[in-house]
1. What does the charge dipole of the range 1-147 about its Cα centre add up to, to the nearest 20 debye, if the Cβ of each Lys and Arg holds +1 and the Cβ of each Asp and Glu holds -1?
2. Quickly estimate the mean residue ellipticity at 222 nm for the chain, helices only: each DSSP H run with n ≥ 4 gives -39500 (n - 2.57), and the total goes over all residues, rounded to 500.
3. Pop the C-beta distance of ARG224 and GLN199 into the FRET formula with R0 = 22 Å and round what comes out to the nearest 0.05.
4. Mind putting a number on the dipole of the range 4-297 about its Cα centre? Charges go on the C-beta only, +1 for Lys and Arg and -1 for Asp and Glu, and I need it in Debye to the nearest 20.
5. With the convex hull built on the Cα atoms of the chain, state its orientation-averaged projected area in nm².
6. For ALA191 paired with VAL98, estimate the spin-label separation in nm (one decimal), with each label point 7 Å from Cα along the Cα-to-Cβ line.
7. Would you pull out the residues with amide H under 5 Å of THR35's amide H, same chain only if 5 or more places away, H placed 1.01 Å from N?
8. Mind checking which aspartates and glutamates have their C-alpha under 13 Å from LYS198, skipping anything on the same chain fewer than 8 residues away?
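Read-outs throughout are calculated quantities, based only on the coordinates presented, and are distinct from any laboratory measurement. Because the structure is a prediction, the values reported are computed rather than measured. A quick note on method: Cβ atoms are made from the backbone with ideal geometry, for glycine too, and the neighbour counts reach across all protein chains shown.
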Amino acid sequence: MTALITAIANLKGGVGKSTTTVMLADGLAYYFGLTVLVIDLDAQANSSQMLLTERGVQMASDQGKGAHHFLKQFVDREPPAAGPFIMPNAVTLEELRVAEEKDERLGWVAALPAHPQLRLNELSLEEDWYSNNGTPSTLAKALGDHMREALDPVLPLYDVVLLDCPPHLSPLARAGLSLANLFITPTIADAVSTWGTKQFSQWTVDNVSKDLAERNFVVVTRFRNSSYARQVQAELREIYLKDRAFGPTIPESIHVLKAMDRAAPDSYNTFKGKYGGVSGDVHRLAERFAEFAGARTGVSWPRMRS
Ligand SMILES: Nc1ncnc2c1ncn2[C@@H]1O[C@H](COP(=O)(O)OP(=O)(O)O)[C@@H](O)[C@H]1O
Ligand SMILES: [Mg+2]
């Protein structure tokens, strides 16, 4: 078996891509006992920070791990290999850590983190590439080929790879999208987010996956229950994205903010302690995604915890 690669992407920023990535990584690891690799392709490094803390992201970088170092492998024309850049332990949940200590690993999260340096490395790569008559498209293709080859030997170690994508279409972002089997689109129920979602959807259909609709799982995030938000959500479900699968609607909640604020790289929290009032939402997110992935790809993930 090889990992199912899922891109979490939208051209709009701030719609909960990174938060959804982390919730899903935790939910799939916790409830389904899956081994999840989070690859952060966004130089904002938010999901990396949510999993590893700011200090952990820096420690990873100091150890030569992270997407910015991986990019350097491509620049230096070294043989493609993603393994050396992965932090094998990005677990934040006490239950997963305890099971591991008892040698009964049941669910795990690893990360190929991002770092702010990624932005600078991307820029200098793009400048070099374009000054040698390359184009954004040829760079996206070359990066995609490199990533595919680099991930090939590590994919069998994981059940799911979650690609946290940036809110733009840089060559690296396009390379990531080109690897995906499934696409999760987080969006907020408001007009500007709907606009970004429609643009992302159209671009992806035209350039990456003609059958996006079948591979697309939409999650309305940061939902503030008002008649306006309910109306926008209804339009998304019934008009703009009526051919897509929808996950649960995630409420705007202080519990989400707290869950994403890990105290220290070696601090752990129980699932209920981490997610508190949104535990049920994370549970539903994992469950619905598992059903969706099963229906679309044939994977079968039995429940391991209740
Ligand atoms: N359900 C939620 N409730 C409250 N705040 C949220 C929720 N989801 C995301 N946020 C906050 O909104 C901001 C944007 O979320 P983030 O996941 O970083 O979005 P993106 O990756 O799309 O830019 C962050 O500050 C995050 O903590
Ligand atoms: Mg993000």
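1. 240
2. The per-residue figure over the chain is -15000 deg cm²/dmol.
3. After rounding, the FRET efficiency stands at 0.40.
4. Dipole size: approximately 760 debye.
5. Its average projected convex-hull area is 15.0 nm².
6. Roughly 5.0 nm, to one decimal.
7. Here TRP108, ASP159, VAL160 satisfy the definition.
8. ASP190, ASP206, GLU235, ASP243
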